[in-house]
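Presented below is the structure to which this report refers.
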């Protein structure tokens, strides 16, 4: 049975509205903040008899201990603490609480997991899997080529509109996280595939329906993240690739292969749409591990 809304619900709504106005955060990000805060507010009300604005340092520590007992992952606990710190800083700025109860509470140390990537040969096999003689296959080929050529997030890919792609200039205008716009080059092969899809297969899929979505389904609607995830999973199996292959893995491959071929880290940061270069730096570790493997395999004293 779903728990009733806490007395803190209006406050959480107000905070999320403020986040949207101040930072222009994406809906998925705002929804994550809201879920974290609603769960915390329910616990705080049920276990401590307080609403969100009444919590103290001990309440925060007790809730984090509760999450630890539930064996919450370190990454989830870190995200949760980030949500709490954000709302309490906001409340203090508005003079609605005297002290920030999250002060001197540190986030858990996160293991630095290297992102899964694909070799260039793996990518070639994946990109060669769609049957381009069919409208769906040509659409899928265009999507895979664009994803690998541009490093877009899957949410950015499936929400592209026709005017965002300049076929003359060979670039795509992307609206990323925080409503930040960037221009990303497509590359020759991806551009050829997109042009062919737009000219022939897209009209066939739409069958007379009107749409400004770039990638559409056989029903004439916009492609969804979930549908494309299943598409890429099917082609990965068809190509004989092992492990879970997701759209994000192609984004990782895009960044890793650029660095392997000598691209500057700042350029990769701009192309990926990372606001902080420390987020991009993890790919240097991936590239370094790849170089180590090549050295061990091919050097006589590897």
Using the basic label-point model (7 angstrom from Cα toward the beta carbon), what is the residue 175 to residue 56 distance in nanometres?
4.6 nm
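Can you tell me the relative contact order of the stretch 120-298? Whole percent, Cα pairs under 8 Å, sequence separation 6 or more. Numbers along the way, then the final one.
Details: 226 pairs, mean separation 44.1, N = 179.
Reported as a whole number, the value is 25 percent.
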Using the scaling law 2.2 N^0.38 Å as the reference, what is the normalised Cα Rg of the stretch 9-93?
1.06
If one compares the long axis through the Cα atoms of helix 135-150 with the longest principal axis of the Cα atoms of the chain, the angle in degrees, nearest 10, works out at 70 degrees
Determine the principal axes of the Cα atoms in the stretch 120-298, then give the extent along each, sorted from largest to smallest and rounded to whole angstroms.
55, 37, 28
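Using the C-alpha gyration tensor of the stretch 209-274, what are the square roots of 5 times its eigenvalues, in whole angstrom, with the largest one first? Intermediate values should be presented prior to the final figure.
Values: eigenvalues 154, 73, 13 Å².
Taking √(5λ) for each eigenvalue gives 28, 19, 8 Å, largest first.
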What is the ratio of the Cα radius of gyration of the stretch 9-57 to 2.2 N^0.38 Å, where N is its residue count, to two decimals?
1.22
With the 8 Å Cα cutoff and a minimum separation of six or more residues, the chain has a relative contact order in percent of 16 percent
The chain - Debye-derived log10 I(q)/I(0), Cα point model, q = 0.08, 0.13, 0.16 Å⁻¹:
-0.48, -1.03, -1.24
Distance in nm between pseudo-label sites at residue 66 and residue 29 (7 Å out along the Cβ direction from Cα):
2.8 nm
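How much mean residue ellipticity at 222 nm does the chain get from its helices, if each DSSP H run of length 4 or more adds -39500 (n - 2.57) and you divide by all residues, to the nearest 500 deg cm²/dmol?
Computed mean residue ellipticity for the chain: -17000 deg cm²/dmol.
Every number here is computed from the coordinates shown, using simple stated rules; none is lab data. These numbers were taken from a predicted model, which means no experiment stands behind them. Ideal geometry is used to build each Cβ from the backbone, glycine not excepted, and the neighbour counts take in all protein chains shown.
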